[in-house]
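Notes follow the structure.
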Amino acid sequence: MKHLLALSLALITSIVAFGQEKRTISGYIKDASNGESLIGVSVYVREIGNGAVTNDYGYYALSLPVGASYTLIFNYIGYEKIEKKIELKEDLKLNIELKDESLKLQEVVVRTTKEDENVKNIEMSVNKVEMKTIRQMPALLGEVDLVRSIQLLPGVTSVGEGASGFNVRGGNIDQNLVLLDEAPVFNSSHLFGFFSVFNPDAVKDVKLIKGGIPAQYGGRISSILDVRLKEGNAKKREINGGIGTIFSRLSYEQPFAKGKGSFIVAGRRSYIDVLAKPFLKGDLKGSRFYFYDLTAKANYRINDKNTVFLSGYFGRDVFGADFGFDWGNQTATARWNHVFNSKLFMNATAFYSNYDYGIESDRNNRRTSGDKFQWKSNIQTFSIKPDFTYFLTPNNTITFGGQYLQYDTQPGSATAISSGERRDISLQRRYADESAVYVANDQKLNSWLSFQYGLRYSMFRNLAPGQAFEFQEIVKGERKLPIEEKNITSGVINQYGNWEPRFSAKIEVSPSASLKASYNRTVQYLHLLSNTAASSPLDVWTLSSKIIKPQIADQVALGWFQNFANNMYETSVEVYYKDLQNQIDYVSNSDLLLNKYLEGDLLFGNGRAYGAEFYVKKNQGKLTGWMSYTLARTERKIEGINNFNWFPARFDKTHNLSVVSLYTLNDRWSFSANFAFNTGTPASFPTNRFEWNGWTLPHNVDNSRNASRIPNYHRLDLGATYKKKKKLFKRGQSEYVFSIYNAYNRRNPFSTYVRQNQDNNLLTEAVRYSIIGSIVPAVTYNFKF
């Protein structure tokens, strides 16, 4: 603990040095139209040339010398700027409501932060996309999707259409911590990756952190996707909805308790199964293929110092006929905001998260023999997490806190019934806990130099009852044989502890340019096991153990940020290098499902990822949008694979280009277009073949891994939105959204594989498999009143 004590001592020294008598201005900043708290509002004090920004709950605090007059400027793009002159004689509570000026704007604005925030803020490797912008972008089947939208940002990719999750700077999909109101979401996809679990009508704020990760975040080694839900309209009743090509959605918001509280309830359901039902006959009769989700949140302001929040999500996908499977997430979050005094703010969070899936044969009970197979698996977590923010001065903001997580996993609860005999082939449940403490300081040394430094310590324990195995390696790269098995009934089976330092720096070279650097170490104790081309809902979540060590990443990044033309254009160039330890791979023909000795099928090694990200964004005018280009490399080195040489990871993409254009013609018509180009993903193909008894057997003579690539991916999407002039029910608004996905009919490959010719077994052929191979037009009707 000496490192943490040393950092705490440095912070205390800063506090002691702060001796001038001061008073604090603090309060909440909200949207005047609906009472939603606003995140990241700039509060600038003209007399000192400095200020603060609101936190995730819209709270701010500024400590200033007493007895002077100050001019406070509250600034948030898309809202009217407010100036307040005050005489500071004592601590002052100042709550502000900003009015939306969108009715006055004749152009699209693609950000909601201070105009020069990207230059002034110490954050780097962070992308924020406003929900208004996401709604304007063309989307698959006309349905707005958060996860597909962030894949157009620099450093973010996926292995292909129909793949669950996303990859950030060379990380696997399980290395992203996806948070919904602070609760982790273990599978962020509906319909095998075509849509995300986030209902756009219920989302308020989206933030992707790829590097320079603050000390309060932990548990994953690649990125943080922090999604915050709306709190509900605190001013009036509001209904939003949409009728789309494959699903519809509806949300309802309303204040209660005379404006002290508000809530929102939002739901979605697909209806492909309903439309197809009259046409399904024979074995397909009774087929079920749909998804739904329900999102809800409520908040209540007890008094000026205490506010409580409750939020939850429940979603499910169902797919199959006589044989089928289903999967889904459930989360629940309770939070308490407490203001101890004008300088000290606390948010205490408790959450529950569960992900489960099931497989079942003879779902419709058609087999007279009674033969049946059922399999269920789940992972659930419980957590308590207090976070404190101490607003020492406008130049020093100290954060500290901790977290306790408890894991309960069921790798597989399975039964098989054959000829009336029931057999239980379930695996034992596994338990663990994870705890962490952290402290950090955001410090401005002067007008041009700022630092953000912190330290996190995390500890992970495998808890009894459980099992521990020992394996013997016969041949490197092949399955290990179990030689010892221990059943432990009490106590701690195994444990790890890790220090995680974090550091960021910013040098403001000019009012419109800055140089930033960051370093962070992150540790991950939870792993997703998948040996398929893309992740599926049935992949296995497993805990660290004596054999499966925690994944560790050390990342350094350097970036140049500059604005042009009075902040109309934002530009940035970032380079990064990431060193990865204890990466997981698999033996040939590995068995990951219902395998008691699964750890014997795993291989371990190191990884590295490095690259450069280029980003240009136009913020104002009728034509807005951005262009991003990433040049990157992601590699692995695993003992027993590729002759222990470096090889490209499955999700390695050398070139990644994205262009997003948004054009507002007038107050009724707007247009949009997306273009994406990616290098094809790596693949392994046979180098030679054997012919035996009329059959062709492919063979890789040098044991190479991912030495080839599938063809490149590129796609153009188009969209148009028409806002109806006539009021809906004399008070509401409505619009039609037209979209064309894959506008020039590109048949992009998802994978390429080699197979024998169906007519001649001695001939082989390469087959390109595509998920979407045609133009996909769609229309959606949205309404609000």
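Key figures
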{"quantity": "For the range 602-708: Kirkwood Rh in Å [reciprocal of mean 1/r, alpha carbons]", "calculated": "17.5 Å"}
{"quantity": "Which listed pairs, of LYS230/LYS617; LYS128/LYS260; LYS81/LYS617; LYS230/LYS260; LYS297/LYS376, have C-alpha distances above 18 Å, in listed order", "calculated": "LYS230/LYS617; LYS128/LYS260; LYS81/LYS617; LYS297/LYS376"}
{"quantity": "Average projection area in nm² (convex hull over Cα atoms of the range 525-571, one quarter of hull surface)", "calculated": "6.7 nm²"}
{"quantity": "Lysines whose Cα lies under 17 Å from that of LYS727, excluding same-chain neighbours fewer than 8 positions away", "calculated": "LYS784"}
{"quantity": "At R0 = 56 Å, FRET efficiency that the Cβ-Cβ distance of ALA68 and GLN380 yields, to 0.05", "calculated": "0.55"}
{"quantity": "For the range 744-785, the Rg and Dmax computed from alpha carbons only, in angstrom", "calculated": "18.7, 66"}
{"quantity": "Structure-based [θ]222 nm, the chain - -39500 (n - 2.57) summed over DSSP H runs of at least 4, per residue, nearest 500", "calculated": "-1000 deg cm²/dmol"}
{"quantity": "Protein-only accessible surface order, largest first, of SER490, SER377, SER426 at 1.4 Å", "calculated": "SER490, SER426, SER377"}
{"quantity": "Qualifying chymotrypsin sites (Phe, Trp or Tyr not before Pro) in the range 668-750, DSSP loop, other Cβ atoms within 10 Å at most 16", "calculated": "PHE729, TYR744"}
{"quantity": "Given charges at beta-carbon only (K, R positive; D, E negative), |dipole| of the range 472-569 in Debye", "calculated": "140 debye"}
{"quantity": "Cα-based equivalent ellipsoid, the range 311-462: semi-axes from gyration tensor eigenvalues, Å", "calculated": "49, 16, 13"}
{"quantity": "Area of LEU481 that stays accessible when all protein chains are in place (1.4 Å probe, Å², to 10)", "calculated": "90 Å²"}
{"quantity": "Convex hull volume per residue in cubic angstrom - Cα atoms of the range 535-599", "calculated": "166 Å³"}
{"quantity": "Viscosity 1.306 mPa s, 10 °C: Kirkwood-radius Stokes-Einstein D of the range 433-502 over Cα pairs, µm²/s", "calculated": "99 µm²/s"}
{"quantity": "Computed E for LYS730/LEU449 - FRET, C-beta separation, R0 60 angstrom, nearest 0.05", "calculated": "0.60"}
{"quantity": "Over 18 Å between alpha carbons, listed pairs LYS210/LYS637; LYS549/LYS637; LYS385/LYS549", "calculated": "LYS210/LYS637; LYS385/LYS549"}
{"quantity": "Distance between modelled label sites at ARG237 and LYS486, nm, 7 Å Cα→Cβ extension", "calculated": "6.4 nm"}
{"quantity": "Shape metrics for the range 70-214, restricted to C-alpha atoms - Rg then Dmax, Å", "calculated": "18.6, 60"}
{"quantity": "The chain: relative contact order in percent, alpha carbon pairs under 8 Å with at least 6 residues between", "calculated": "11 percent"}
{"quantity": "Longest segment of the chain lacking GluC sites (Glu not before Pro) that sit in a DSSP loop with at most 10 other Cβ atoms within 10 Å", "calculated": "91-785"}
{"quantity": "Directionally averaged shadow of the chain, computed from the convex hull of its alpha-carbon atoms, nm²", "calculated": "36.8 nm²"}
{"quantity": "Solvent-accessible surface (1.4 angstrom probe) belonging to MET568, in square angstrom, nearest 10", "calculated": "60 Å²"}
{"quantity": "Solvent-accessible area per residue, Å², over the chain with all protein chains present [probe radius 1.4 Å]", "calculated": "43 Å²"}
{"quantity": "Counted charge near ASP387, where neighbours are those whose Cβ lies closer than 12 Å (Asp, Glu -1; Lys, Arg +1)", "calculated": "0"}
{"quantity": "Theoretical FRET efficiency, 1/(1+(r/R0)^6), r = Cβ-Cβ of PHE614 and TYR519, R0 25 Å, to 0.05", "calculated": "0.70"}
{"quantity": "Accessible area in the full protein assembly, largest first, 1.4 Å probe, for ASP601, ASP56", "calculated": "ASP56, ASP601"}
{"quantity": "Length released on extending from ASN306 to LYS85, taking residue separation times 0.36 nm less the Cα-Cα span", "calculated": "76.8 nm"}
{"quantity": "Nearest-ten-degree value, helix 2-17 long axis tilted from longest Cα axis of the chain", "calculated": "10 degrees"}
{"quantity": "Rounded percent of accessible protein surface that carbon and sulfur make up, the range 376-430, 1.4 Å probe", "calculated": "52 percent"}
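The values are calculated or read from the model by the stated rules, or taken from the named source; none is laboratory data. Quick caveat: nothing in here was measured; it's all calculated off a predicted structure. Quick reminder, even Gly has a Cβ in these numbers, built from the backbone with ideal geometry, and neighbours come from all protein chains shown. All accessible areas refer to the heavy atoms of the entire protein, side chains included, with ligands and DNA or RNA removed. Shrake-Rupley method; radii C 1.70, N 1.55, O 1.52, S 1.80 Å.
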